[in-house]
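Notes for the one structure printed next.
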Amino acid sequence: MKRTKIFFIFLIIAALLVSCGGSEETNTSSSSAAGGVNSGEKRTTVRMAVAVDPDGLDPHMSASASTFQVTSSIYETLVSVDESGNIIPSLAEDWQISPDGLTLTFDIRDGAVFSNGNICDAAAAAASFNRLISPESYRSGDYSEIESVRALDEDTLEIKFSSLNTSALSLFAYPWSAVVDVSSADSLRTVPVGSGPFMLESWIPQQKLTLVRNPHYSGGNHIERVEFVFMPDMTSQVTALQGGSVDIIQITGDLVGQFENNDAYRILALPVNGIQLMAMNTASDGLDDIRVRQAVNYAVDKESLIDAVWYGYGEEIGSHFPVVLSEYKDENGRYPYDPDKARQLLIEAGYEDGLTLDMYLPKNYQEYVNAGLVIANQLEAAGINVNVSIVEWATWLSDIYTGRNYDLTVVGHTGRLDAYSLLSRYRSTAAENYFNYDNPEFDSLLDEYTACVDEEERKEIAFRMQDILSEDVPALYIQDPIQIYVTRGDLTGFTIFPINIFKFNEVQFI
Amino acid sequence: MRKRFSFSLIAGIVLTGLIVLLSLISVFYTPYDGEAMDLMNRFSLPSAEHLLGTDHFGRDILSRVMDACRRALSGGLLSVTLGSLLGIMLGLAASLSGRKTRELLMRFTDALAAFPTILMALMLAAALGRGLLPSVAAICIYMIPSFSRLTLSMADEARSRLYIKAAVSYNVPARRLILFHLLPPLLSRLLTQLTSSIGSAVLLESSLSFLGLGIQPPSSSLGMMLSEARNYILTHPYQAVPSGVVLMIMLLGFNLLGDGINNMFGDRHA
Amino acid sequence: MLLVSIITFIALSVIPGNAALIALGTEASAASLDAVSSDLGLDQSFSSRLFSYYKGLLSLDFGTSSYFGQDVWTLILQRLPLTVSLALLSLLAAFILSMLLGCAAAIYRESFIDAFSRIIVQLSASLPSFWLSLLLLLFASRVLGFSQAGSYVSMSESIPLFLKSISLAVIVLAVGESGPLLRIVRISMIGAMEEDWFTACQVKGLSKRKAVFSYALRSALSAPVSLMGLQLAKLLGGTAIVESIFALPGLGRLFLTAVEMRDLNLVQGIVIFVSFAVVMMNLLTDLLLRVVINPLSASEDRK
């Protein structure tokens, strides 16, 4: 029977290979071996499912929302925000603004320490800001008006601006302005060092990223560990929550029914600071005519669109402004759904034989693709032919966003805390102005806004800018999305903020 | 003992016939416009109005499946025809040429075979634009190595036979040699390979469109319909049924047909 | 292999979009774009990039992933335990199934078992893996109440849980691989049993069972083994769809992400690694056949 040994030889080889694989795994991630599922009385590990990996963990060298979801727990910003967007202390306990509005002085919290033990004083913060405003940093453009950053003494940081920006303080709340330990700058992408409540334990891309409590952090902390589990697929996230292998997931509206009326889960559905729109290239043939853009607006039934794509989870908008901000003005109803009016406007504009537009949709964002398809269907009903192309995100960025080679595209923008940062992309000269929008009145309003010190007056200017956009419609403004998170019923303290951060130190199990 | 018209052959003909019929009809008639949305009427189950129900945009699934069948079928046929022609030509060329050229050609095929199809599809999409064409081209390239290898090995085998050796010694011109002496005995093997390749081409096309690399919305394809259904598998599991079943019937049909043809020619070892 | 990697290099320069744009997203300004591009070495000419990459490769340096910021080799190694065990376990399952069924079908030809094995062969070739995955996913979560997808547990944490978390994917892959394997086992068993020496064995008084298991099986093994070599090579590189449906962090999903993010080094690393694995697999199968099977065919020749 010696030939039957062939089987066994093969079996043994197979077994060996498997076990080799096993030992390799142990080498690379032995540190995460401890993090199983604790079924103890008091749970101290919170596990959140997220779709994509962070793009490195260096907040100055990323533009990706998935990065800030993680780094906001590792690093601290000078100031932070509460749920309604008010500025609250964080790394800076207090701050002063000079009478001319050009100088901001921050009092850095005593005893702040980076997770590697280095002291996080005003000098360290100044070094971090100098890194942020240097050209290599991805966000240097947002901070180009900073003239100098200086540590006056151990606890005092002074930041001078070259021109007046009345909403400058909010610049220091965004997660990309986080204070990093500059002495470890070269390795921050994989070995982040910050002064926040948690520090990185391990990150196995596409599998799991684990944060543990930062022993040097003095603030309160209910939990010991945060695990981000990477799951690209919504279905797996839902089954994972139902099976108890994660505690927090984000879902789309159609899945709410799976968790409703069930005490084992808590549903959190709140409008976020962001907007979704269909941009129109105002420099392209046809769309350079405002009547055509208005026709597009009349031709789309936003309510059924939001129903079809987001299952009704979204707040209709009429201009480029999220409903959650205090300067929001309701512009809905300027161009109500009216296909006849749309057809008439097209005829007036000289397109009685129809008009053909190219629509590009970013493949990675299923909801934008769906929205684009629904809009295309509605536009065709009104006599506008639409050629739909689905492109990859990389292609979208190079050809559409940067190249501005398109007629229509559906995309979303994350919000900012003030009208200027939000709307400056409509400035005729702005690099981000992929609408090719050009309105001198709007440009001068933007300048007026930053120079205006009176809060009421500033609000008026913000309203005026929203009016102009909703009249000129360089885009079909669709909605302020409502994000839906589902957590285990015994988890509290998890909430959404107007900027892209999480505060896991406030989360706990009851 | 071997039946000339085996069960596989008959079942294969019936199933592929069904698919071909469905595809042909879709050229002239579908119950609805497969791209027209009816947002009031989403996720409906089969009914008299919509025989296979409607999808997440209220589009008629039967119409979409019929259109998708046509695209899959024509894509499969086109890519296999092109791929096999190129592959056969490559194989014959390698078989008839000198040692060095032969090595070069076969290394080239090896490289083609090892090249990731996903990347190929992406690259071709960049060069040829979106839609069915780039995936047909990618599948065609995927098909080339297997055909050229098969042709080469069979041609070599044939060449070692006496009558070919005789023909060569009588100085029969190369073209004549290929057309009248080398190719005919290979045809039955190639036909078998061809039929089953259509099945794998259809499968590959649907895998590519499942990954979003093939046919673009709003046009339908079986793989895309399945990847859309995947989003609703928990809430509306029925969505995954029609396109999956049709795809399976299609693959089953071509595989059975390939088997049947194979049996008919009495070559079990293919 | 070199050719493949050069084609990959060219392919990635042809497709639109680059890693710097991806990194900056909708925040791209001209200045920061230049900075990031030079950081990633994208501003250099094609040939100098190619040259420096291969120079690094000579010292086994696969470079750094532009998307994850981690070492490419580490990323690939992290994926290996999962991808290798997926491939081996599913192949093992397919092998056992096709050995049992294939032999039985060959011994009792035209019987119920034979018909059953043919059905399996056809089904295996006709069930698209992604559809089967969806059905299994649904079945598992609805009927078994067992949420498999998304609860990936790595091998180092717990081996039973690891096996549980990959079980559905293994089933799907095994179904796909068992068809061709079963077909070839059946054919070569039948072939072996039709040989003269097989009849001779029985004439000499060996029981049919003994003749089948100790002689026919041996000689029939070479074709399945070489097929399995090919299948293993294919599985190492080609489980992307199944991995992404079951949310398993394997090599295939890494590859999809790398292509999507235009992560040149990572795509290159994976392509080179997989084609290397394919070459090694082919060598290994050859070796296995030569060492284990060859003496047998030599003895066959003598008869």
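Among the residues of region C:63-119, those that are within 14 Å of A:Ile204 (Cβ to Cβ) and of a type in the set (D, E, K, R) comprise C:Asp71, C:Arg79. Name the residue that is modelled with the lowest pLDDT, counting only residues in region B:237-253 that are out of contact with any Leu (no Cβ under 8 Å at 6 or more places or on another chain) and of a type in the set (A, V, I, L, M, F, W, C). If we take residues in region B:237-253 being out of contact with any Leu (no Cβ under 8 Å at 6 or more places or on another chain) and of a type in the set (A, V, I, L, M, F, W, C), then B:Val241 is modelled with the lowest pLDDT. Scanning region A:275-306 for residues that are surrounded by fewer than 21 Cβ atoms within 10 Å (Cβ to Cβ), within 14 Å of another protein chain (Cβ to nearest Cβ) and touching a strand residue (DSSP E or B) at 6+ places or on another chain (Cβ under 9 Å) yields one hit, A:Glu303.
Elements of the type helices (runs of 4 or more DSSP H) sitting completely within region A:287-377 and holding at least 1 residues that are in contact with a Phe, Trp or Tyr (Cβ under 6 Å, 6 or more places away or on another chain) and not acidic (Asp, Glu): these cover A:290-299, A:339-348.
Given C:Ala192, C:Ala174, C:Ala211, C:Ala200, which one is among the small types (Gly, Ala, Ser) and at pLDDT 80 or above?
Numbers: C:Ala192 fails: at pLDDT 80 or above; C:Ala211 fails: at pLDDT 80 or above; C:Ala200 fails: at pLDDT 80 or above.
Only one candidate passes the filter, namely C:Ala174.
Answer yes or no: is there a residue in region A:434-457 that is assigned to a loop (DSSP other than H, G, I, E, B) and within 14 Å of another protein chain (Cβ to nearest Cβ). Checked against the condition, which is being assigned to a loop (DSSP other than H, G, I, E, B) and within 14 Å of another protein chain (Cβ to nearest Cβ), region A:434-457 yields at least one hit. Taking region A:270-286, which residues are modelled with pLDDT of 90 or more and not in a loop (DSSP other than H, G, I, E, B)? Across region A:270-286, the qualifying residues are A:Ile275, A:Gln276, A:Leu277, A:Met278, A:Ala279, A:Met280. Among the conditions (1) modelled with pLDDT of 75 or more; (2) more than 14 Å from every other protein chain (Cβ to nearest Cβ), B:Ser188 misses just one, which is (1).
For (1) under 22 Å from A:Asp186 (Cβ atoms); (2) within 14 Å of chain C (Cβ to nearest Cβ), each residue gets a yes or a no:
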{"residue": "A:Ala112", "(1), (2)": "no, no"}
{"residue": "A:Ser115", "(1), (2)": "yes, no"}
{"residue": "A:Ala124", "(1), (2)": "yes, no"}
{"residue": "A:Ser134", "(1), (2)": "yes, yes"}
{"residue": "A:Tyr143", "(1), (2)": "yes, yes"}
{"residue": "A:Glu154", "(1), (2)": "no, no"}
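When we screen B:Ala138, B:Ala174 for residues that are at pLDDT 80 or above and either closer than 30 Å to C:Gln268 by Cβ or in contact with a helix residue (DSSP H, G or I) (Cβ under 8 Å, 6 or more places away or on another chain) (or both), the only hit is B:Ala138. C:Phe68 passes every criterion in (1) buried (at least 24 other Cβ atoms within 10 Å of the Cβ); (2) within 22 Å of the chain's Cα centre (by Cα); (3) within 11 Å of chain A (Cβ to nearest Cβ) apart from (2).
Per the listing A:Asn370, A:Asn377, A:Asn387, the residue uniquely crowded, with 20+ Cβ neighbours inside 10 Å and either touching a Cys at 6+ places or on another chain (Cβ under 6 Å) or free of Cβ contacts under 8 Å to residues at least 40 places away in the same chain (or both) is A:Asn377.
Would you pick out the residues in region C:239-251 that are more than 10 Å from chain A (Cβ to nearest Cβ) and either buried (at least 24 other Cβ atoms within 10 Å of the Cβ) or acidic (Asp, Glu) (or both)? Show your work before the answer.
First, pick out the residues of region C:239-251 that are more than 10 Å from chain A (Cβ to nearest Cβ): C:239-242, C:251.
Of everything in region C:239-251, those that are more than 10 Å from chain A (Cβ to nearest Cβ) and either buried (at least 24 other Cβ atoms within 10 Å of the Cβ) or acidic (Asp, Glu) (or both) turn out to be C:Thr239, C:Val242, C:Leu251.
The residue list B:Leu234, B:Leu213 contains one member that is within 12 Å of chain C (Cβ to nearest Cβ), hydrophobic (A, V, I, L, M, F, W, C) and surrounded by 24 or more Cβ atoms within 10 Å (Cβ to Cβ), which is B:Leu213. The C-beta contact set for region A:222-244 (first residue touching a residue at least 24 places away in the same chain (Cβ under 8 Å) and assigned to a loop (DSSP other than H, G, I, E, B), second residue buried (at least 23 other Cβ atoms within 10 Å of the Cβ) and among the polar types (S, T, N, Q), distance under 6 angstrom, 6+ apart or interchain) comprises A:Met231/A:Gln237. Looking at region A:393-420, which of its residues are within 11 Å of another protein chain (Cβ to nearest Cβ) and either among the acidic types (Asp, Glu) or not in a helix (DSSP H, G or I) (or both)? Of everything in region A:393-420, those that are within 11 Å of another protein chain (Cβ to nearest Cβ) and either among the acidic types (Asp, Glu) or not in a helix (DSSP H, G or I) (or both) turn out to be A:Asp399, A:Gly403, A:Asn405, A:Val411, A:Gly412, A:His413, A:Thr414.
To keep it simple, each residue is scored yes or no on (1) β-branched (Val, Ile, Thr); (2) buried (at least 24 other Cβ atoms within 10 Å of the Cβ); (3) farther than 30 Å from C:Phe246 by Cβ.
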site	(1), (2), (3)
A:Ala178	no, yes, yes
A:Asp186	no, no, yes
A:Val191	yes, no, yes
A:Gly196	no, yes, yes
A:Leu200	no, no, no
A:Val212	yes, no, no
A:His216	no, no, yes
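None of A:Phe502, A:Phe497, A:Phe509, A:Phe463 is more than 22 Å from A:Asp418 (Cα to Cα) and in contact (Cβ under 8 Å) with a residue 24 or more places away in the chain except A:Phe509. The residues of region B:18-73 that are of a type in the set (Ser, Thr, Tyr) and either in a loop (DSSP other than H, G, I, E, B) or touching a Lys or Arg at 6+ places or on another chain (Cβ under 7 Å) (or both), listed by number, are B:Ser23, B:Ser26, B:Tyr29, B:Thr30, B:Tyr32, B:Ser44, B:Ser47, B:Thr54. Which residues, taken from region B:35-61, are within 11 Å of chain A (Cβ to nearest Cβ), over 17 Å from A:Ile306 (Cα atoms) and surrounded by fewer than 18 Cβ atoms within 10 Å (Cβ to Cβ)? Selection gives B:Ala36 alone. Being within 14 Å of chain C (Cβ to nearest Cβ), assigned to a helix (DSSP H, G or I) and aromatic (Phe, Trp, Tyr), is that true of even one residue in region B:135-151? Yes: one or more hits. Against the numbered list (1) part of a loop (DSSP other than H, G, I, E, B); (2) in contact with a strand residue (DSSP E or B) (Cβ under 6 Å, 6 or more places away or on another chain); (3) of a type outside the set (Val, Ile, Thr); (4) surrounded by fewer than 18 Cβ atoms within 10 Å (Cβ to Cβ), A:Gln206 comes up short only at (4). Looking across region A:227-255 at every residue that is of a type in the set (A, V, I, L, M) and under 20 Å from the mean Cα position of the chain (by Cα), the one that is nearest to the other protein chains (Cβ to nearest Cβ) is identified as A:Met231.
Report yes if some residue within region B:74-85 is surrounded by fewer than 18 Cβ atoms within 10 Å (Cβ to Cβ), among the β-branched types (Val, Ile, Thr), in contact (Cβ under 8 Å) with a residue 24 or more places away in the chain and assigned to a helix (DSSP H, G or I); otherwise report no.
Narrowing region B:74-85 to residues surrounded by fewer than 18 Cβ atoms within 10 Å (Cβ to Cβ): B:74, B:77-78, B:81-82, B:85.
Checking the rest, the ones that are also among the β-branched types (Val, Ile, Thr) come to B:81.
Add one more test, that the residue is in contact (Cβ under 8 Å) with a residue 24 or more places away in the chain, and what stays is none.
No, every residue in region B:74-85 fails to be surrounded by fewer than 18 Cβ atoms within 10 Å (Cβ to Cβ), among the β-branched types (Val, Ile, Thr), in contact (Cβ under 8 Å) with a residue 24 or more places away in the chain and assigned to a helix (DSSP H, G or I).
None of C:Leu75, C:Leu88, C:Leu57 is within 26 Å of the chain's Cα centre (by Cα), in a helix (DSSP H, G or I) and modelled with pLDDT under 85 except C:Leu57.
Could you tell me how many of the residues in region C:103-136 are under 22 Å from B:Pro242 (Cβ atoms) and not in a helix (DSSP H, G or I)? The qualifying residues number 2.
The values are calculated or read from the model by the stated rules, or taken from the named source; none is laboratory data. From a predicted model like this one, the values you see are computed outputs, not experimental measurements. A quick note on method: Cβ atoms are made from the backbone with ideal geometry, for glycine too, and the neighbour counts reach across all protein chains shown.
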